[in-house]
Amino acid sequence: MFVVSVCSLKGGVGKTSVTLGLASAALHQGINALVIDLDPQADSTLGLLGEAATSTDIADVLSSPRTESVDRAIIPTPWAQGASSHLDIIPGSNRSALVDSPALSPRDVKRLRDALQKRSHEYDIVLVDCPPSLNGLTQMALAASDRSLVVAEPGFFAVTAADRALKLSVEMREEGLAPRLQPLGLVINRYRPRSVEHQYRLAELRELFGDAVLEPVIEERVGLQQAQGGAVPLHEYQGASGPRLTADFDALLRVIMDSRQYS
Ligand SMILES: Nc1ncnc2c1ncn2[C@@H]1O[C@H](COP(=O)(O)OP(=O)(O)OP(=O)(O)O)[C@@H](O)[C@H]1O
Ligand SMILES: [Mg+2]
């Protein structure tokens, strides 16, 4: 059982891109992975399947958090065709927005954890793509998680948002709502090394958050958007900016997998 949530208070910072980049790296490294699309926008579902799902989805799992619901909702992705490892998904659903309340009862916070209890051990890693808020769905993800990643862009408004997201993990653990959770830190995404502003903001984030700023920092590369547009794994994409990005996601996945020893 190794569940990793990818979250942030802010929208559009790259949660889905980091989830898909890590999923691609898992496939490349022969690591069995399950992606859970907890965002009602269902972007990682579109990214992994190339179309919206028509099958049982995460909303059904959350309304009936049992192993049978999970079994029904898990589907293989086209990315994994012919691969040596599994890459499956529980598709997202706009109906999951119905349970995204800011003040969930402790019983409701446990819905995803209850659902995953018996199945998630079959995967080496479960990646949960969260919506852009710290409301109920993200809280459900954290309650089910062993590790959390907070995604941030190198900008002025990133600091407060990142701080609040990191603190939520710590608070939920202390309150007993997320018993296994250890926050791993910040993934800085869309970094432009030649931008003086980005250099300044990255230095600021490192000064404020220290070791919580994870390496490698993910650069802004057009190849990522092209791979997403084609609904293909980054590691299969042959564009000019491919190799650097795949190496970074490979390295980030290694950091995450290595963190399993700190339980
Ligand atoms: N490293 C990157 N290089 C280039 N483009 C990127 C990078 N990361 C993200 N993007 C682009 O930025 C946009 C937002 O990214 P993404 O959808 O992953 O963010 P998100 O945090 O999941 O958004 P939301 O909060 O809506 O769920 C997308 O068009 C994506 O292709
Ligand atoms: Mg997203």
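Regarding Ala141, is this residue within 16 Å of ligand 1 (Cβ to nearest atom) and open to solvent by 10 Å² or more (accessible area, probe 1.4 Å)?
no
Pull up region 225-241, narrow it to residues that are surrounded by 17 or more Cβ atoms within 10 Å (Cβ to Cβ) and touching a helix residue (DSSP H, G or I) at 6+ places or on another chain (Cβ under 6 Å), then point me to the one that is farthest from Gly82 (Cα to Cα).
The extreme case among them is Ser241.
Can you tell which of Thr16, Thr45, Thr56 is assigned to a loop (DSSP other than H, G, I, E, B) and either surrounded by 21 or more Cβ atoms within 10 Å (Cβ to Cβ) or away from ligand 2 (no atom under 12 Å from the Cβ) (or both)?
Thr56
Specify which of the listed residues (Leu20, Leu46) is more than 23 Å from Ser169 (Cβ to Cβ) and hydrophobic (A, V, I, L, M, F, W, C).
Leu46
With the requirement that a residue be surrounded by 15 or more Cβ atoms within 10 Å (Cβ to Cβ) and assigned to a helix (DSSP H, G or I), what does region 205-223 give you?
Scanning region 205-223 gives Leu205, Arg206, Phe209, Ala212, Gly223.
For a quick check of your reading of the model, give me the residue pairs whose first member lies in region 24-41 and is open to solvent by less than 10 Å² (accessible area, probe 1.4 Å) and at pLDDT below 95, whose second is hydrophobic (A, V, I, L, M, F, W, C) and not in a loop (DSSP other than H, G, I, E, B), with beta-carbon atoms closer than 7 Å and at least 6 apart or on different chains.
If the second residue must be hydrophobic (A, V, I, L, M, F, W, C) and not in a loop (DSSP other than H, G, I, E, B), no pairs are left.
Show me the strands (runs of 3 or more DSSP E) found entirely inside region 85-186 where at least 2 residues are within 27 Å of Leu202 (Cα to Cα) and of a type in the set (A, V, I, L, M, F, W, C).
Once the strands (runs of 3 or more DSSP E) in region 85-186 are filtered for at least 2 residues that are within 27 Å of Leu202 (Cα to Cα) and of a type in the set (A, V, I, L, M, F, W, C), what remains is 125-129, 147-152.
Residues are listed down the side, and each one gets a yes or a no for (1) touching a Leu at 6+ places or on another chain (Cβ under 9 Å); (2) in contact (Cβ under 8 Å) with a residue 60 or more places away in the chain:
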site	(1), (2)
Leu87	yes, yes
Asp114	no, no
Thr138	yes, yes
Val150	yes, yes
Leu166	yes, no
Gly176	no, no
Pro179	no, no
Val187	yes, yes
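Which condition number does Ser93 fail, the rest of (1) under 27 Å from Leu252 (Cβ atoms); (2) within 16 Å of ligand 2 (Cβ to nearest atom) being met?
Just one mismatch for Ser93, condition (1).
Being of a type in the set (A, V, I, L, M), over 22 Å from Ser259 (Cβ atoms) and touching a Gly at 6+ places or on another chain (Cβ under 6 Å) is true for just one of Ala42, Ala59. Which residue is that?
The match here is Ala42.
State all residues of region 65-82 that are surrounded by fewer than 16 Cβ atoms within 10 Å (Cβ to Cβ) and not β-branched (Val, Ile, Thr); if no residue qualifies, say none.
Those that are surrounded by fewer than 16 Cβ atoms within 10 Å (Cβ to Cβ) and not β-branched (Val, Ile, Thr): Arg66, Glu68, Asp71, Pro76, Pro78, Gln81, Gly82.
The values are calculated or read from the model by the stated rules, or taken from the named source; none is laboratory data. These figures come from a predicted structure and were not determined experimentally. With ideal geometry, Cβ positions are generated from the backbone for all residues, glycine too; neighbour counts draw on all protein chains shown. Accessible surface areas use protein heavy atoms only, side chains included; no ligands, DNA or RNA. Shrake-Rupley method; radii C 1.70, N 1.55, O 1.52, S 1.80 Å.
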